[in-house]
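Input: a single structure, listed below in structure tokens.
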Amino acid sequence: MKPQLLKISNPADTSFNLLKIEGPNFPTPWHYHPEIEIVYMVESTGKKYVGSSISDFHPGDLCMIGSFLPHYYKSDDAYMKNNPDLKARSMVIHFSTDFIGHQFWETPESFNIKNLLERAKRGLQFSAEAAEMIKPKIAKMFELSGMARLLTFLEVLDDLAKSKDIEFLSTDPIQIRNEVDSDRIKKVLEHVSENFKNQIRLDDVAQLANMSESAFSRYFKKRTRKTFSNFLTDIRIEYACKLLQNDKLSISQIAFDSGFYNLSNFNRQFKSLKKITPLAYRMNYLD
């Protein structure tokens, strides 16, 4: 599947685009567009691919995707079987950086929002608490029009800008230069998403990209600004963090389930990335 540059048109009477997406699953392909995107997940579970990041989505998930940052949402397999009892639903906002005029960003009152949009170039993940606060405001916008709708949207942006618990989805913005680039990256991301718990060999991934190992290593680092090995470790550690958020599994079992076959290596890699041991992370979370 080739990436698509989507053209998003605002209704004639609005300065930004607001829509509800509903269906058995999310059909939008791997794509990008100049507009910034806010996605609130109402219903469905699966994985979202934003730049070079892979993360789970679920009801209540809220993120912001920057201009030209490639992304797509892939519902879990159960949603791909047209089960009438399962629906994929989301509320989405698209807007350009100048939706309210360039001069607005020169005002001191807009500083926090302007900074938020700059950070969105890497993709932003908001906390469950922030999503819960924002949800009714986004839903309310569908009932409003004119200035009331615009002011509510500015309030949403201001609330997001003030949110304290924000995580970057990508360490750096992924650099996609053409359709071949995007197709290669997409294949690699999907392969890692489906196989990170198992051993992944560099030569297998290089073959997916139709490149030699050395050429792929250079290519991947140039596009994502990290080595493939570091990228794979990041994915595994983030998955381990999710497992550590309960006390049902031992640290060694979590290490194994996350794709690490050596406990000392898992502890070392985890502390290097999170600046804390896995056990301390669990204790802090459960405290």
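The values are calculated or read from the model by the stated rules, or taken from the named source; none is laboratory data. Only a predicted model underlies this, so the values are computations on that prediction, with no experimental measurement involved. Because the Cβ atoms are built from the backbone with ideal geometry, glycine has one as well, and the counts that use them run over all protein chains shown.
Among residues of segment 258-287 that are surrounded by fewer than 13 Cβ atoms within 10 Å (Cβ to Cβ), those with a Cβ under 6 angstrom from a residue that is at pLDDT below 90, sequence gap 6+ or separate chain, pair up as 285/245.
For residue 88, state whether it is at pLDDT 90 or above, in contact with a strand residue (DSSP E or B) (Cβ under 8 Å, 6 or more places away or on another chain) and not aromatic (Phe, Trp, Tyr). For residue 88, the condition - at pLDDT 90 or above, in contact with a strand residue (DSSP E or B) (Cβ under 8 Å, 6 or more places away or on another chain) and not aromatic (Phe, Trp, Tyr) - is met.
Answer yes if at least one residue in segment 96-116 is assigned to a strand (DSSP E or B) and at pLDDT 90 or above, and no otherwise. No: zero hits. Search segment 47-67 for residues being closer than 13 Å to residue 186 by Cα and of a type in the set (Ser, Thr, Tyr), and hand back the single one that is modelled with the highest pLDDT. The selected residue is 49. Filtered by the rule that a residue be over 20 Å from residue 198 (Cα atoms), part of a helix (DSSP H, G or I) and among the hydrophobic types (A, V, I, L, M, F, W, C), segment 247-287 gives 273, 279, 280, 283, 286. Considering segment 114-163, and only residues there that are of a type in the set (D, E, K, R) and free of Cβ contacts under 8 Å to residues at least 12 places away in the same chain, the residue that is farthest from residue 65 (Cα to Cα) turns out to be 143.
Considering only residues in segment 11-46 that are at pLDDT below 90 and among the hydrophobic types (A, V, I, L, M, F, W, C), the one that is nearest to residue 113 (Cα to Cα) turns out to be 12. Across segment 61-80, the number of residues qualifying as in a helix (DSSP H, G or I) and in contact (Cβ under 8 Å) with a residue 40 or more places away in the chain comes to 2. All of (1) at pLDDT below 90; (2) farther than 20 Å from residue 34 by Cα hold for residue 174 with one exception: (2). Annotation: residue 223 fulfils all but one of (1) without any contact (Cβ under 8 Å) to a residue 60 or more places away in the chain; (2) under 19 Å from the mean Cα position of the chain (by Cα); the unmet one is (1).
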